[in-house]
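Please read the structure below before turning to the comments.
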Amino acid sequence: MSAIGSTSAQPQFIASTGNRSYSNAPLIENSDTDANQIVVPDKKSWKNLFAYMGPGFLVSIAYIDPGNFETDLQSGAKYKYGLLWIILVASCAALIIQSLAANLGVVTGKHLAEHCRKEYPRIPNFILWVLAEIAIVACDIPEVIGTAFALNMLFKIPIWCGVLLTGFSTLVLLALQQYGVRKLEFFIAFLVFTIAACFFVELGYAKPDPKEVLHGLFVPQLKGSGATGLAISLLGAMVMPHNLFLHSALVLSRKIPRSVGGIKEACRFYMIESAFALMFAFIINVSVISVSGAVCGSPNINAEDQKSCQDLDLNKASFLLRNVLGSWSSKLFAIALLASGQSSTITGTYAGQYVMHGFLDLRLKPWLRNLLTRCLAIVPSLIVAVIGGSAGAGRLIIVASMILSFELPFALIPLLKFTSCKTKMGIYANSITISAITWIIGSLIMAINIYYLMTGFIDLLLHNHLKIVAVVFLGIAGFSAMAVYLAGIAYLVFRKNKEVTHLLALTTSENTQMASEQGNASVYSLPREDIVSMQLPQRSTEDVD
């Protein structure tokens, strides 16, 4: 491999803005020495895929978090297999969207939040940052409640008390990472996959009708406004705004050859990696819905389980695994739920770091960043847990997932516009076909959100017991808020990109020819000194994975 110091004599493909903070380099370093960095060899080989494995699987943790489990369980209990098609559509959309996020980071050397700060004026940029922070808090609420449910099942701790304890649980995990972050993540993944295996086995006992499952997967249907709301929750739990910021940053942890072949290979392998990770998440979500639908829809279900199915939440779901685990069902489900919540919270902490730094050029230590986000998530969770108990906390997870779906356009539209822009992506900009597909996906997401907002609000106005004056003021406030929401989306859609990402090489035929003559120009990234302090907690020098 070429030495980094030789880059001045070879073509480079970096984002050059006159500021070293925007140089194209790893966002996360494992060590200060090259020996411990993840460097992709400058040669064409399928073995390079293993060097790219990691970011997609870390992102996919968010697709099997407590929020997904909650929405999956409720959709299966209420509509059997009728909403499986949402999981299929959302998974396909997630693969395309996450691949675009990875491409943006690989090609430009900057993640999505950094592009937003550079592209948009100060006020729109600040609003986008606030929305991104709200999305991260909304994503953290299911983790808080899921952890509280797990503590309740394990130690009989009241839900409201468990919510308070979650403020410290993730800080402990963040502290433990210095003793081996990979070991910790593998342990968490093992626990999550354990509960996935239990649901796979339970499928054999539940015996869902294959024809009904296939019908639910491939025949779209929404039976009533309740199904629409749950479908939006499923969509929000699958395609999350913070994942776009996270994925576009995590790919910068690899040092890849800055050549035409190197860039294309990185984009291709990141897509393959994302496909593997999302396929596994898809199978888990389908299994959870199928088990819930088969058990709750069974004619032989007993009265106690039937009552649990009517208002199913994470705190009651362990009975679904009784055939597999017997009396241990609640304990193992609780352990996996705890692991799921904590692993998802760690990824949320990383996403929050990148979002805050990208939009505001502001950095906080991971423990402080997590504490702030967790406190904002604890307040509504605690209020609902005290007033509504476990049922109210379960409904809050659905509301949080809906918020994520409503906020998705404010991360998705910039991503689509940036990756389709040749002045930013050069020869790696989206093709017309990819652009058309992604905009159709984005339009459908926005359309179903707007439809649900309008119909739900109109229904609220028509069926309430308020005085006419209050209804008028409520209508004015509600429609004004929807107008602002639509105006924000329109601004992002129709505003033309103005900032150019200066790609110094490999965008013209002359430079492409020069790169090929030099053997695809083995040029690697320079250090991103501005983000070194945001890296994962350092392990002790004695600990070597």
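Quick query: amide H of residue 501 versus all other amide H atoms, modeled in the peptide plane; which residues come in under 5 Å with a sequence gap of 5 or more or a different chain?
Placed amide hydrogens put 424 under 5 Å from residue 501.
Based on the Kirkwood radius over alpha-carbon pairs, what value in µm²/s does the Stokes-Einstein equation return for the translational diffusion coefficient of segment 284-325 at 10 °C and 1.306 mPa s?
It comes out at roughly 150 µm²/s.
Within straight cross-link reach of residue 80, meaning Cα distance under 29 Å, which lysines are found once same-chain residues fewer than 8 apart are removed?
Straight-line reach from residue 80, under 29 Å: 207, 211, 223, 307, 316, 331.
Cut-off under 17 Å on the C-alpha distance; same-chain residues fewer than 8 positions from residue 118 excluded. Which lysines are left, in chain and number order?
Filter leaves 110, 417, 422, 424, 496, 498.
Under the rule a/c < 1.5 gives rounded, and otherwise a/b versus b/c splits prolate from oblate, where does segment 235-373 land using the Cα gyration tensor?
prolate
How large is ³J(HN,Hα), in whole Hz, for each residue of segment 386-394 in order, when computed from phi with the Karplus curve 6.51 cos²θ - 1.76 cosθ + 1.60 and θ = phi - 60°, using x for Gly and Pro?
In residue order, the calculated couplings are 5, 7, x, x, 5, 5, x, 5, x Hz.
Any chance you could list the semi-axes, whole Å, largest first, of the equivalent ellipsoid that the Cα gyration tensor gives for segment 369-433, using √(5λ)?
Equivalent ellipsoid of segment 369-433: 39, 14, 7 Å, largest first.
Taking amide H positions as placed 1.01 Å from N in the peptide plane, with prolines and chain starts having none, which residues 5 or more places from residue 314, or on another chain, fall under 5 Å of its amide H?
Long-range HN contacts for residue 314: none found.
Just to check I understand the Karplus step: with θ = phi - 60° and J = 6.51 cos²θ - 1.76 cosθ + 1.60, what whole-Hz values come out for segment 405-421, glycine and proline as x?
Result, rounded to whole Hz: 5, 5, 8, 3, x, 7, 10, 6, 4, x, 4, 5, 6, 5, 6, 8, 9.
Show me 82-95, 64-77 ranked by packing, highest mean number of other Cβ atoms within 10 Å first.
64-77, 82-95
Coordinate-derived values only; no laboratory data. All values derive from a computational prediction rather than experimental measurement. In this analysis, Cβ positions are derived from the backbone assuming ideal geometry, glycine residues included, and neighbour counts consider all displayed protein chains.
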